[in-house]
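No value in this document is a laboratory result; all are computed from the given coordinates. Worth saying up front: this structure is predicted, and the values here are computed from it rather than measured. Positions of Cβ are backbone-derived with ideal geometry, glycine not excepted, and every protein chain shown enters the neighbour counts.
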Amino acid sequence: MNDNTVRPTQFATKFKTRVIVEDVAIVALTFVFLIFMVFPFLWVVLTSVRPDAEMFTRHLQILPSRVTTEQYRALFASGSNFPRYILNSIFVCLVSTVLTVLVSILAAYGFSRFVFAGRRKIIAGFAFSQLFPFVVLLLPLYIVFWRVNLVNRFVGLILAYVAITLPFCVYMLLGYFQSVPKSIDEAAVIDGCSTPRVIFSVVLPIAWPGIAATAVYAFVRSWNEYLFALTLMTEESKKTIPVGLANFFGQYTTDWGAVMSASVVATLPTLVFFLFMQRQLVSGLAAGAVKQ
Amino acid sequence: MAIQRDNELVTQTIARARRRRAVRPFALVLPGLAILVAFFFIPSVYNIWTSLQEISLFQIRRGGTFVGIDNYLRLFRDARIGLALVNTVWWLTFVTVVARIVLGVVIALLVNSSSIKRWRLSGFARSCLLIPWVTPEVVAVAAWQWMLHPRFGVLNQMMIQAGVISEGIPFLVQTSTVWFAIAVVLVWRELPFVAISVLAGLQSIPAELYESAAVEGATKPQILLHVTLPLLRPVLGIIGLLITIWTFNNFLYVWLSTRGGPGNFTQVLATELYTQAFTNYRLGYGAAIGVFMTGLMVLFSLVYFRTVFRKTVEDEAR
Amino acid sequence: MNMKRVWLITIGLLVCAAMVFAGGTRQESDVVQLTFRQGDPPAEVQGLFAAIEEFNASQNRIRVVVETVPWADALNQFVREGQAGGGPDVLQLAFVWTKDLGSSGLLKNLDTIVRQSPPGAGIDDFLGTDLGFYNDSLFGIPWTVDTFVMAYRPDLLQSAGVNRFPDTWEEFLETAVRLSDQGRGQYGFGFPAGSASGGGMWFLANYYLWSRDKSFVEPDGRGGWRVGVTEADVAGAMRYFNQFFERGASPRSLIGVNSWGDPELVGGLARGDFAISFFPPPTFRNAASQSSVPLNTAMIPRGPSRRVSHLGGRVLAVNENTRHPDEAWEFLNYLLSRGVFERYTNFPAQESLLAELQFGPGEQGYADQLPHAITFKQYIESPAPVSGMWDATNREFASVYSGQKTPEQAARDLIRSLQELL
């Protein structure tokens, strides 16, 4: 819609030299920033395919003389636990993302559509939970998790991730729901729809981009989480990628090539997921962030 | 007759809906609230209790001795806490938050500019922006450590090649550069969140506003100053608060890149807490530092809400 | 309505998947399942894993599952688990952790069982048992021992005209300076000089002070403890090591290196960036495997009083929370056996096995140094946590290297920290 209205003027100005100079300047400047954003990861990728002998050179050598996949093959060789870690990460993060999104949809809808005693206090409580440094909560939490038998079980880690990501997700969705006119669901209520039905068949289809953005946030946050994964999951068959990554830093040696290739593998799934979602992410954040 | 029955039906339906609505909000909010209480508030209460005890890491089962506010008194006399507080507030938080907000706005404006759109680079630019955000912190720090290495790091090698310096700079171990290096790593990893949020804010500004400003003969800098930036205030307000809190409590960046060194030069409150509780085994003291940190953030949030936030909300209402 | 159904189905599927995932590892009831925890990167200890597999195959009463928790997190993790009532059945610990864990009731008291079924060739055969005791009770069986020695490149020493490895600390410094050629990027001595607790500087600092008969903490003779070094002692040690940086024998980037296993050091010796470095046995073997020229080892330099290093290593212990103490003990004994050490690349803590050990090429330095190695017993018996002293020492030394403090200031601050910890 936006595009259509702007296009004719764009076309007319396209050939003006001043505009071209401005365009080139802006694009060049943008590229400077983009290189800053992309280069470190690109460097990790380059290092991961670099032959061992070329890793510690004292002169500048951007491209490796030959590409080796040795590190990647070792990562996926039989007997390596890394494929297992990847599956575990995907499983835990997907489930916890779905649960977080569900719980935060309910809460955010409650906050945005109803006025009730203590509403503001509870919203403040969600914000307040962000103020605690995590390191100190770990010890009491471990004891609680052990008592209710959630240690070394996926359910435990999933619950932990729901809790970590929930406050921000509620906040994001609350902003989004407030931008959805109340009249739409009030009409549905008068039609006799139950509240779950109002949420799932009336509000959700409209709020879809906001929910997608929320899900992306929750997924990435859980995907990179290290402390809880380390503490709650000690069995080899239940570890996730960040913990597997830490296994390469030993007391006697550090396997630098393995760290680099494992880093690429750890980053790629979320990256691909993101690239597909980038448009939704921005438009989702747009309503949520601004209307708050 | 029929009409009256219909009316009755409507009133009944509305009354039923009202009754349901009275119970419903609690049912909706309850799951989230329960998780919050179990996960954050109960451990925090335990933590406050711990901070009032002299207790070693190994004594959790036996329990420590109650010492009242001794741990807090000690905290206020501890010179290391003072240093860590200054580092946390200024270097870790203020410098990186300001850098992220400024750079985030600049990048978002660039990506949202008509030039980038004309060249059809928006999708590409957004994709590139997201890369640091998906990189796990551990990987981000390792990659930068590797690039900043004085002898094998690509950045030093590039500068030597270009003739800017004759010998590699050990960025992460000399006091003159170490904080800049940590700030660069942190800003790199956390900038996308700000840039994308601001970009989202920009895209939700109605195009008519720009058009009418252009019709009135406003120049581009004027539009930026009087239309765009004021409209970004709400999003910047909330993002600023969030990243301040997240960074203030952050332990990973400093810990992974320097362990608070060289010496104690880059110790922040979170690493000091970790050292006291888990290296010196003084759990009570560590907990007191944690409570102190939370207290500071509560104070900050209140002031922030009173000033920045009230203003933006009022502006919204107007 | 559709939407709702989609959500319900999604959740249903996820719950099913969760159950499948969770139910996958049910164990049979008549086999005792034990968990053994170790801390090295799995790729490094494949031999140990294979030996444990063999143990599982050799009988059908006990099944051992190995888990790995990285060393850096291992102590904290077990402290959490143990006090909550869980944790692995058998675990590998650092020598210095045994007292703290034993005294807080997290490890099984092994007195009775050692008397009834002595491990290996009897408990007197083990080195370092003094660290396994607390209040005269034994809480851990020493498994492996190690110490640090100087590892070097004989070819680089020779081409610099150094025919004999330096004997005293002073000679060592002069040699390191002579071996440095800053123009071509070769340095005399590579050592971990980082600030973190767990970093290698702590060992060097102690070796230097011990060789002058000084110790960071010592009994005060009245049943209490006191700091055993003066400001001048500590400042002297700081000044000594700082000269490696000031005279160009070590690159300043090492101030950021904590671990002796850092690729900068291990690969550095192999590539010839460093002529001399400072390694425990597994790290030396790793460096040797990367190096194209043979590496050699030599003893730690001698001080005015003596030549000394620390006897470190790992201890095996049984979790107080285990439900199968007898099986745990049986498995622990298996780990002490000769067969395991044939495949596990560490030195056994049992003197009888150590005597049979064939030291590899270039490893003579370890054989020579081990008789001069002493445990951290004195530090462990003091009320100050070793990890706290370790942290404070590394930080204050690094603050001298980075130019924040003079050796005198740093020494004063270190002594104050030690007093506070006691």
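For region A:76-291, the dipole from Cβ point charges (+1 on Lys and Arg, -1 on Asp and Glu) about the Cα centre works out to 440 debye, to the nearest 20. Between residue A:63 and residue A:197, the contour length at 0.36 nm per residue exceeds the Cα-Cα span by 42.6 nm. Taking every DSSP beta bridge that has both ends in chain C, the antiparallel portion is near 65%. With the alpha-carbon atoms of chain C aligned to their principal axes, the span from lowest to highest coordinate is 74, 62, 45 Å, starting with the largest. Note on C:169, A:208: ascending count of other Cβ atoms within 10 Å places them as A:208, C:169, the fewest first.
The calculated Kirkwood hydrodynamic radius for region B:90-159 is 14.6 Å, given to one decimal from all distinct C-alpha pairs. Along each principal axis, taking the top coordinate minus the bottom one, the Cα set of the protein assembly as shown gives 107, 73, 57 Å in descending order.
Distance from the alpha carbon centroid of region A:117-171 to that of region B:78-134 works out to 27 angstrom.
Set the Förster distance to 30 Å, then compute FRET efficiency between residue C:43 and residue C:167 from the Cβ-Cβ distance, nearest 0.05. So the FRET efficiency works out to roughly 0.20.
Length gained on full extension, residue C:181 to residue C:136, computed as 0.36 nm times the residue gap minus the Cα-Cα distance: 10.9 nm.
Averaging Cα coordinates gives a centre for region C:82-122 and one for region C:239-291; these two points are 35 Å apart. Summing Cβ point charges (Lys, Arg +1; Asp, Glu -1) relative to the Cα centre of the protein assembly as shown gives a dipole of roughly 4120 debye.
Placing a label point 7 Å from the Cα of residue B:45 along the Cα-to-Cβ direction, the residues of region A:148-167 whose backbone N falls under 18 Å from that point are A:148. Projecting the Cα positions of A:199, A:101, C:244 onto the charge dipole of the protein assembly as shown (unit charges on Cβ atoms of Lys, Arg, Asp and Glu, taken about the Cα centre) puts A:199 furthest along the positive direction. Given the convex hull over the Cα atoms of region A:6-161, what projected area results after averaging over all orientations, in nm²? For region A:6-161, the mean projected area of the Cα convex hull comes to 20.0 nm².
Note on C:147, C:345, B:135: ascending count of other Cβ atoms within 10 Å places them as C:345, C:147, B:135, the fewest first.
Working from label points 7 Å from Cα in the Cα-to-Cβ sense, the residue A:273 to residue C:377 distance is 5.5 nm. Angle of helix C:407-421 to the longest C-alpha principal axis of chain C, folded into 0 to 90 degrees and rounded to 10: 30°. In the calculated pair-distance distribution of region A:76-291, the portion above 32 angstrom amounts to 28 percent of the Cα-Cα pairs. Kirkwood's formula applied to the C-alpha pairs of chain B gives a hydrodynamic radius of 23.9 angstrom. For each pair in C:108/C:377; A:239/C:99; A:16/B:117; C:377/C:405, compute the distance between the two Cα atoms and list the pairs where it is over 22 Å. Those over the limit are A:239/C:99; C:377/C:405. Considering the zone a paramagnetic label at residue C:324 would reach in this model (a point 7 Å from Cα along the Cα-to-Cβ line), which residues of region C:79-109 have amide N under 17 Å from it? Label zone hits: C:86-92. If you bin all the Cα-Cα distances of region C:175-304 at 10 Å, starting from zero, the percentages per bin are 12, 38, 33, 12, 4, 1.
A helix-only calculation puts chain C at -13000 deg cm²/dmol for mean residue ellipticity at 222 nm, using -39500 (n - 2.57) for each DSSP H run of at least four residues, averaged over all residues.
Note on chain A: helix-only mean residue ellipticity at 222 nm, from DSSP H runs of 4+ residues weighted -39500 (n - 2.57) and normalised by residue number, equals -24000 deg cm²/dmol.
Extension gain for residue B:38-residue B:124 works out to 26.7 nm (0.36 nm per residue, less the C-alpha to C-alpha distance).
Charges were assigned to the Cβ only: +1 to each Lys and Arg, -1 to each Asp and Glu. The resulting dipole of region B:54-317 about its Cα centre is roughly 380 debye.
Screening chain A for whole DSSP H helices of 18 Å or more along their axis (Cα) with average Kyte-Doolittle hydropathy at least 0.0 returns A:17-48, A:82-113, A:134-147, A:154-178, A:204-223, A:256-291. With each label modelled as a point 7 angstrom along the Cα→C-beta vector, the residue A:22-residue C:231 pair spans 6.8 nm. Each label was represented as a point 7 Å from its Cα along the Cα-to-Cβ direction; for residue B:298 and residue C:117 these points are 5.6 nm apart.
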